[in-house]
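The values are calculated or read from the model by the stated rules, or taken from the named source; none is laboratory data. These figures come from a predicted structure and were not determined experimentally. When we count neighbours, we look across all protein chains shown, and the Cβ atoms used for this are built from the backbone with ideal geometry, even at glycine.
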Amino acid sequence: MINVVIPSQLRSYTDGAVRVEAAGATIDAVLDALDARYPGIKFRVIDEQGAIRPHMRLFANGALARRIDLALADGDEVFIAGALSGG
Amino acid sequence: MADGIRLLIGTRKGAWIYRSDGARKSWDVTGPIMLGHIINHVVCDPRDGKTLMMAAKTGHLGPTIFRSNDDGATWKEAEKPPAFLKSDEPNARAVSHTFWVEPGHASEPGVWWAGASPPGLFRSADGGATWENVAGFNEHPKYWDWCPPDGGTPDGALLNQIQIDPRDKAHMYIATSTGGVFESRDYAASWAPLNQNVEASFFPDPYPDYGQDAHYIAVHPAMPDRLYQQNHCGIYRLDRPGDRWERIGNNMPKEIGDIDFTIIAHPREPDTAWVFPMDGTEVWPRTSPGGKPAVYRTRDAGASWERQDRGFPPAQAWFTVKRQAFCADAGTPLGLYLGATNGEVWMSDDEGVHWRCIAAHLPEIYSVVAAPA
């Protein structure tokens, strides 16, 4: 299983959970698994072309992930971050 | 006397609902709803009088649609929000935000339309739960001419409005910020520009077939062959079956000009409409001209205009009223409502003669829609 850290902006989907588990061999697959459990959550992070939305960041085991086809292994961590910019 | 009124207010940081009885003298507020979300439009379904549809974007999160069937007490997210088709082209589009939601024709309960940035048209046939790409516009062979990728407003290029002929569900108009007005007579399967004689002063040819920035169009509900348009470059009227717009803004006072974001038609009087002018000189401040807010009313289809400013600050007031933030109710006399960029809501219960502020300190207001309570 992959450990996923949910940012505050998306916790309305996870009933407030900060850490959730999901299965998947890539970030994309993990997000699909999350979306099956929490409908709508993926589209808030990934657009319809499969691109990570501007100012959203995904980290795999602490390293910035620029693509969602990045391979993951059991026990890995995906950290979703929403940049706190704006006003 | 009007029936009870709800004002559905979308702002840069959430939505609010103001309610009043038919007297329209005092207002109760519900909100904030979705605090912190960017709410471009909140609309009540006139076909059932209760369903609310809300276009939302949230900081850097993707855009979505929320809907409520209990007068805004609870909201449910669309299962499939508006999205373009998947594409491998380098200019593949992704919806940045939904800007406008429009209930479908009265004969089609459950049908809704949405306009987005970048310009995109979407349709739902299940009350807003799932939304489909409308290929007739989004995949039109001329799409990239009508909606060039480098065009747009500071908030992005927009398909900012959808209007449906109340006599014919297949007859539709859309307004865009990059191509002007387009018309479909086949239920959005095909589209053609409708911009004859509308100025686009920012092009070498100031009267192109398309390329105009149509801020707002009003299809008159009682006389659907009459359209009013507030364009980036002026105020226009079109009487169908004609296809040549007349610049009725030329009849505005020269010191005020005819630049504005929106135009509101009187629902019972086809010759009556209101605008809220803004400063479109030099660097386009888009504030009330001279810092003196006022609406202007025509009662002769644009042949003449009269200033209505009683109650507004007499000086040093610099707010702007955006595209969806000016509306009318159905009362007698007609009530008018406008939401300002400074977070104030102003109303008139006598067709614009007197104005008063009924709400202040809200976030920047993007939309105000009146609906029966």
Worksheet item: Residues in the range B:352-373 that are surrounded by 20 or more Cβ atoms within 10 Å (Cβ to Cβ), under 17 Å from B:P293 (Cβ atoms) and not aliphatic (A, V, I, L, M): how many?
Response: 2
Worksheet item: Before we move on, is B:G179 touching a helix residue (DSSP H, G or I) at 6+ places or on another chain (Cβ under 9 Å) and either within 25 Å of B:G104 (Cβ to Cβ) or at pLDDT 95 or above (or both)?
Response: yes
Discussion item. I'd like to check which strands (runs of 3 or more DSSP E) are fully inside the range A:39-87 and have at least 3 residues that are more than 8 Å from every other protein chain (Cβ to nearest Cβ), of a type in the set (D, E, K, R) and over 11 Å from the mean Cα position of the chain (by Cα).
Written reply: none
Response to the item:
Checked pairs for the range B:184-196, first more than 18 Å from B:P241 (Cβ to Cβ), second part of a loop (DSSP other than H, G, I, E, B), C-beta under 6 Å and 6 or more apart or across chains, list as B:Y187/B:A170; B:A188/B:V134
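Condition check ((1) of a type outside the set (S, T, N, Q); (2) touching a helix residue (DSSP H, G or I) at 6+ places or on another chain (Cβ under 6 Å); (3) part of a loop (DSSP other than H, G, I, E, B); (4) at pLDDT 95 or above) across all residues:
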| position | (1), (2), (3), (4) |
| --- | --- |
| A:S12 | no, no, yes, no |
| A:G16 | yes, no, yes, yes |
| A:V20 | yes, no, no, yes |
| A:A29 | yes, no, no, yes |
| A:A36 | yes, no, no, yes |
Fill in: Some residue of the range B:85-97 being assigned to a strand (DSSP E or B) and within 14 Å of chain A (Cβ to nearest Cβ)
yes
Worksheet entry | Residue match in the range B:60-67 (condition: in contact with a Gly (Cβ under 7 Å, 6 or more places away or on another chain), without any contact (Cβ under 8 Å) to a residue 12 or more places away in the chain and not charged (D, E, K, R)) | yes
Worksheet entry | Among the candidates B:E102, B:E89, B:E108, residue that is closer than 25 Å to A:P54 by Cβ and not basic (K, R) | B:E89
Worksheet, complete the sentence: Within the range B:59-84, of all residues that are within 7 Å of chain A (Cβ to nearest Cβ) and acidic (D, E), the one nearest to B:N138 (Cα to Cα) is B:E79
